[in-house]
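Here the structure is laid out as structure tokens; the discussion comes afterwards.
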Amino acid sequence: ADMGLAIGKHDLAEMLNGQPLKCMAARQKTANSDLEYLWCFELWHESLYPTAVVHEERARKAHQEAQRVEYENDDFFDPES
């Protein structure tokens, strides 16, 4: 994506790690109040898809490994059975 001469050209798909570009607006009624979200949406481009697939696969494998470790650390896990 070309962001002008000051910033240059960058591969947004790699910079976003397979995530869409999120656009949102919010307001804060008082200095001490929480944000009130007005709208929020994600912008996707076809160039993001291949990177998103890679990151999704990594996340799936990491989740499976975490589940395996949790199962093996369970008090009832007996590797001999």
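The values are calculated or read from the model by the stated rules, or taken from the named source; none is laboratory data. Bear in mind that the values here come from a model prediction, so they are computed numbers and not experimental data. As a convention, Cβ positions derive from the backbone with ideal geometry for all residues, glycine included, and neighbour counts pool all protein chains shown.
Report yes if C40 is out of contact with any Phe, Trp or Tyr (no Cβ under 7 Å at 6 or more places or on another chain), among the hydrophobic types (A, V, I, L, M, F, W, C) and in a strand (DSSP E or B), otherwise no. Steps first, please.
On the way: out of contact with any Phe, Trp or Tyr (no Cβ under 7 Å at 6 or more places or on another chain): yes; among the hydrophobic types (A, V, I, L, M, F, W, C): yes; in a strand (DSSP E or B): yes.
In short, yes.
Any chance region 62-81 includes a residue that's hydroxyl-bearing (S, T, Y), loosely packed, with under 10 Cβ neighbours inside 10 Å and at pLDDT 90 or above? No, region 62-81 has no match at all. Filtering region 1-43 down to residues that are among the polar types (S, T, N, Q) and surrounded by 11 or more Cβ atoms within 10 Å (Cβ to Cβ), which residue is modelled with the lowest pLDDT? Looking at residues that are among the polar types (S, T, N, Q) and surrounded by 11 or more Cβ atoms within 10 Å (Cβ to Cβ), I get N17.
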